[in-house]
Amino acid sequence: MNRFENFKAGLIKDNPVFSLFLGICSTLAITTTVNNAIGMGVSVIIVLIMSNVIISCVRKITPDEIRIPVYIVIIATLVKIIQMLIQAYAPSLNTSLGVFIPLIVVNCIILGRAEAFASKNGILDSALDGLGMGLGYTLAVLAMSFIRELISTGGIKVVNPFNEAQVWLNLHIIPENFTISIFGSSVGAFITFAVLAAAVGAYKQHVTAKEEAAAKEEK
Amino acid sequence: MNKIVHLGLFLAIVSAVAGGALAFANQMTAPVIAENNERQEKESLLAMYPDANSNDFKLVNKTLDSKTVQKVYEYKNVYIFNMKVSGYKDGTVFLVSIDKDSKKIDKYNAISNGDTKGLGSQVTEAPFKKSLEGKDATGQLDTISGATVSSGPVVSGIHEAAKLVDQLK
């Protein structure tokens with residue numbers, strides 16, 4: 001049960017983006033389209049799980065003084081491998097995500113989880129934590145990119161990253177004359193981020209207030 | 001002293017393993033990446049000249065004193081310049097073909113542009129393309145008002161390419 005709680009925490013309560021405010025740079029930058037968000041989310045999940053597992057494996061033999069450099073080397077290697085794979089098998093995704101794939105290295109979520117969780121817990125727990133946090137990140141970028149793409153282009157378009165010609169989903173909801181292109185730029189990213197972070201904050205407050213009320217009643 | 005050796009050794013081993021993993025991944029993906037790039041380039045050339053065969057484009061092997069010209073292809077009586085110019089964010093990558101003799105712009109095709117959609121991204125769109133094709137590449141070319149950060153370098157890139165045509169012949 002505890003394991004599941006740990007895993008679930010990453011989704012909303014300890015959502016890395018909207019609650020812990022980690023990895024915001026990439027969140028703001030790549031959420032222009034849902035397609036990008038899916039690509040980035042999946043990459044982050046893979047890197048996060050693998051780095052958590054590896055770091056958890058070597059946690060007992062890693063000397064304490066150099067643990068951060070060791071983590072960085074591990075994470076950087078994983079990210080570089082992912083980048084090469086994306087370049088080779090999903091070139092269109094590589095073009096649209098650009099520099100933000102290599103920048104996963106410095107995404108604080110990954111180093112943060114390595115330091116705060118994987119270096120102190122077992123392999124399975126660390127993998128689950130990686131999955132939970134990765135899903136939390138993906139959920140956050142998906143939510144942001146959905147709003148931004150919808151408002152800035154009037155629709156949602158999702159294509160197969162391995163074959164650009166294959167369109168999975170193509171929705172048109174808002175007529176072209178009513179779209180707000182500012183949501184496609186960084187200003188729109190900040191606005192969307194603020195609104196969503198506020199909503200998550202309000203939800204958390206609401207839950208805490210409820211719990212407190214229930215606790216009082218019991219007394 | 002022992003401690004330093006131990007730490008150094010540990011870090012060296014970790015880095016060596018990481019290097020090995022990277023070398024392996026690189027070996028696996030490098031040919032695929034090269035193939036992708038080549039195919040993409042051929043596709044954009046074919047988009048300019050749909051009637052051509054992808055083997056008709058001959059790469060010109062001549063070092064040019066230019067930072068913006070990436071590659072030059074020869075096709076019939078035009079030179080096709082693959083240019084990378086600055087602009088907003090990532091700049092613009094485009095292909096422009098210039099007639100060897102008349103120095104007229106035959107075709108223009110933008111590959112990528114990092115500018116804001118609806119503003120600088122107009123350099124990839126049809127009206128701008130139309131405004132260039134058929135014009136004299138050495139003469140005056142119109143930029144897009146309100147989007148000069150991207151369209152300006154494109155125009156000066158074309159001017160630069162036009163100057164290089166004689167060197168290539």
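The values are calculated or read from the model by the stated rules, or taken from the named source; none is laboratory data. Owing to the predicted nature of the structure, the values given are computational and were not obtained by experimental measurement. Cβ sites come from the backbone with ideal geometry, for glycine too, and all protein chains shown count toward neighbours. When the accessible area is computed, the model is the full protein with side chains, heavy atoms only, and any ligands, DNA or RNA have been set aside. Shrake-Rupley method; radii C 1.70, N 1.55, O 1.52, S 1.80 Å.
Do the conditions hold for residue B:59, that is, is it at the interface with chain A (Cβ under 8 Å from one of its Cβ atoms), farther than 20 Å from residue A:83 by Cβ and either touching a residue at least 40 places away in the same chain (Cβ under 8 Å) or of a type outside the set (Asp, Glu) (or both)? Walk me through how you get there before you give the answer.
Working: at the interface with chain A (Cβ under 8 Å from one of its Cβ atoms): no; farther than 20 Å from residue A:83 by Cβ: yes; either touching a residue at least 40 places away in the same chain (Cβ under 8 Å) or of a type outside the set (Asp, Glu) (or both): yes.
So residue B:59 fails the test.
Would you pick out the residues in the stretch B:16-53 that are loosely packed, with under 13 Cβ neighbours inside 10 Å, closer than 16 Å to residue A:78 by Cα and of a type in the set (S, T, N, Q)?
Step one: filter the stretch B:16-53 for residues loosely packed, with under 13 Cβ neighbours inside 10 Å, giving B:16, B:19-20, B:23-24, B:27, B:31, B:34-35, B:37-39, B:43, B:47, B:50-51, B:53.
Within this subset, residues satisfying the condition of being closer than 16 Å to residue A:78 by Cα are B:16, B:19-20, B:23-24, B:27.
If the condition is that a residue be loosely packed, with under 13 Cβ neighbours inside 10 Å, closer than 16 Å to residue A:78 by Cα and of a type in the set (S, T, N, Q), then B:27 is the only one that fits.
Quick check, is residue A:80 open to solvent by 70 Å² or more (accessible area, probe 1.4 Å), more than 10 Å from chain B (Cβ to nearest Cβ) and either under 22 Å from the mean Cα position of the chain (by Cα) or not hydroxyl-bearing (Ser, Thr, Tyr) (or both)?
Values: open to solvent by 70 Å² or more (accessible area, probe 1.4 Å): yes; more than 10 Å from chain B (Cβ to nearest Cβ): no; either under 22 Å from the mean Cα position of the chain (by Cα) or not hydroxyl-bearing (Ser, Thr, Tyr) (or both): yes.
Against the criterion (open to solvent by 70 Å² or more (accessible area, probe 1.4 Å), more than 10 Å from chain B (Cβ to nearest Cβ) and either under 22 Å from the mean Cα position of the chain (by Cα) or not hydroxyl-bearing (Ser, Thr, Tyr) (or both)), residue A:80 does not qualify.
Just to verify a result, which residue in the stretch B:92-103, among those that are in contact (Cβ under 8 Å) with a residue 60 or more places away in the chain and crowded, with 22+ Cβ neighbours inside 10 Å, is nearest to residue B:169 (Cα to Cα)?
Among residues in the stretch B:92-103 that are in contact (Cβ under 8 Å) with a residue 60 or more places away in the chain and crowded, with 22+ Cβ neighbours inside 10 Å, the one nearest to residue B:169 (Cα to Cα) is B:98.
Among the residues of the stretch A:84-102 satisfying the criterion of being farther than 20 Å from residue B:41 by Cβ and surrounded by fewer than 20 Cβ atoms within 10 Å (Cβ to Cβ), which is nearest to the other protein chains (Cβ to nearest Cβ)? Don't jump to the end; show me each part of the working.
Of the stretch A:84-102, the ones farther than 20 Å from residue B:41 by Cβ are A:85, A:97, A:99-102.
Add one more test, that the residue is surrounded by fewer than 20 Cβ atoms within 10 Å (Cβ to Cβ), and what stays is A:85, A:99-100, A:102.
Values: A:85: 6, A:99: 9, A:100: 12, A:102: 13 Å.
Across the stretch A:84-102, the extreme among qualifying residues is A:85.
Let me spell it out: the conditions are (1) in contact (Cβ under 8 Å) with a residue 24 or more places away in the chain; (2) assigned to a loop (DSSP other than H, G, I, E, B); (3) at the interface with another protein chain (Cβ under 9 Å from one of its Cβ atoms), and residue A:59 meets all of them except one. Which number is the exception?
(3)
What residue, among those in the stretch A:162-184 that are touching a residue at least 24 places away in the same chain (Cβ under 8 Å) and part of a loop (DSSP other than H, G, I, E, B), is most open to solvent (accessible area, probe 1.4 Å)? Steps first, please.
Taking the stretch A:162-184 first, the residues touching a residue at least 24 places away in the same chain (Cβ under 8 Å) are A:162, A:164, A:174, A:178-184.
Within this subset, residues satisfying the condition of being part of a loop (DSSP other than H, G, I, E, B) are A:162, A:164, A:174, A:179-180.
On the way: A:162: 146, A:164: 124, A:174: 52, A:179: 38, A:180: 79 Å².
Applying the filter and picking the extreme gives A:162.
Which numbered condition in (1) of a type in the set (Val, Ile, Thr); (2) within 30 Å of residue B:94 (Cβ to Cβ); (3) at the interface with chain A (Cβ under 8 Å from one of its Cβ atoms) is the only one that residue B:14 fails?
Status for residue B:14: all satisfied but (2).
List the strands (runs of 3 or more DSSP E) that sit entirely inside the stretch B:25-126 and contain at least 2 residues that are over 30 Å from residue A:183 (Cα atoms) and hydroxyl-bearing (Ser, Thr, Tyr). Steps first, answer last, please.
On the way: elements: B:69-75, B:78-85, B:92-99, B:105-113.
Of the strands (runs of 3 or more DSSP E) lying wholly inside the stretch B:25-126, those with at least 2 residues that are over 30 Å from residue A:183 (Cα atoms) and hydroxyl-bearing (Ser, Thr, Tyr) span B:69-75.
Specify the residue that is farthest from residue A:186 (Cα to Cα); the eligible residues are those in the stretch B:104-128 that are aliphatic (A, V, I, L, M), within 14 Å of chain A (Cβ to nearest Cβ) and surrounded by fewer than 19 Cβ atoms within 10 Å (Cβ to Cβ).
So, considering only residues that are aliphatic (A, V, I, L, M), within 14 Å of chain A (Cβ to nearest Cβ) and surrounded by fewer than 19 Cβ atoms within 10 Å (Cβ to Cβ), the one farthest from residue A:186 (Cα to Cα) is B:111.
Looking only at the stretch B:54-70, filter to residues that are closer than 18 Å to residue B:162 by Cα and open to solvent by less than 80 Å² (accessible area, probe 1.4 Å); which one of those is modelled with the lowest pLDDT?
Just the residues of the stretch B:54-70 that are closer than 18 Å to residue B:162 by Cα, to begin with: B:59-70.
Cutting the leftovers down to open to solvent by less than 80 Å² (accessible area, probe 1.4 Å) gives us B:60, B:64, B:66, B:68-69.
On the way: B:60: 79, B:64: 73, B:66: 77, B:68: 84, B:69: 86.
If we take residues in the stretch B:54-70 being closer than 18 Å to residue B:162 by Cα and open to solvent by less than 80 Å² (accessible area, probe 1.4 Å), then B:64 is modelled with the lowest pLDDT.
Taking the condition of being open to solvent by less than 10 Å² (accessible area, probe 1.4 Å) and within 10 Å of residue A:137 (Cα to Cα), how many residues in the stretch A:24-49 meet it?
5
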